[in-house]
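Nothing in this text is a laboratory measurement; each read-out follows from the coordinates by a stated rule. Computed from a prediction, not measured in an experiment: that's the story for all the values here. Heads up, the Cβs are rebuilt from the backbone with ideal geometry, glycines too, and the neighbour counts pull from every protein chain shown.
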Amino acid sequence: MVEILTQTIEIFNTAKRYVFQIIVREKRWNRKLHTDSLHLVLKRKYQLNDYYANSAVQEARALFTGIMELQNIYEKQTQEKLKKIKQKLKQERTK
């Protein structure tokens, strides 16, 4: 029983990583890599049922969305830091 659960979790995590890679590549290359939905791709590739296939796709999309939001926050923070540094440099030059 434990071995079956372990194997199921490993397959699920592998499928989730695979979908995440597809999502990243599709975003980077701005084109679809598969004609079918990601759910169907996972079902065929990993022999998953609907529950696990949908869960893997949803978790991968949520992870990607979170990463994109964090990237936007980091960019804003970096811009604010640069602005403060420029202001300090300007103040130092006027002294």
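FRET efficiency for Asp36 and Gln7, Cβ-Cβ distance as r, R0 = 25 Å, nearest 0.05?
0.50
Which of Ile73, Ile85, Ile22 moves the most in a Gaussian network model of the chain with Cα springs under 10 Å?
Ile85
Nearest 20 debye, what's the magnitude of the dipole of the stretch 45-95 about its Cα centre given +1 on Lys and Arg Cβ and -1 on Asp and Glu Cβ?
Its charge dipole is roughly 800 debye.
Which is farthest toward the positive dipole end of the chain among Leu70, Val19, Gln47, measuring Cα position about the Cα centre, with Cβ charges +1 (Lys, Arg) and -1 (Asp, Glu)?
Checked the options; the winner is Leu70.
Using only helices, what value at 222 nm comes out for the chain when you add -39,500 (n - 2.57) per DSSP H run of length 4 or more and divide by the total residues, to the nearest 500 deg cm²/dmol?
Rounded to the nearest 500, the figure is -31000 deg cm²/dmol.
Quick one: order Met68, Met1 by neighbouring beta-carbon count within 10 Å, fewest to most.
Fewest-to-most ranking of Met68, Met1: Met1, Met68.
Filter the DSSP H helices in the chain by two things, a Kyte-Doolittle mean of at least 1.0 and an axial alpha-carbon span of 30 angstrom or more, and list the hits by number.
None pass (Cα extent of 30 Å or more, hydropathy at least 1.0).
Checking the table Lys32/Lys76; Lys27/Lys90; Lys27/Lys88; Lys45/Lys76 against a 32 Å threshold on Cα-Cα, which pairs fail?
Lys27/Lys90; Lys27/Lys88; Lys45/Lys76
Assign unit charges at the C-beta atoms only (+1 for Lys and Arg, -1 for Asp and Glu), then state the dipole size of the chain relative to its Cα centre in Debye, rounded to the nearest 20.
Dipole size: approximately 1060 debye.
Using only alpha carbon pairs under 8 Å that are at least six residues apart, calculate the relative contact order of the chain and give it in whole percent.
About 30 percent, as a whole number.
Report the dimensions of the chain along its three principal axes from the alpha-carbon atoms, largest first, rounded to Å.
Extents along the principal axes: 73, 35, 14 Å.
Arrange the following residues from fewest to most other Cβ atoms within 10 Å of their Cβ: Val24, Val41, Val19.
Val24, Val41, Val19
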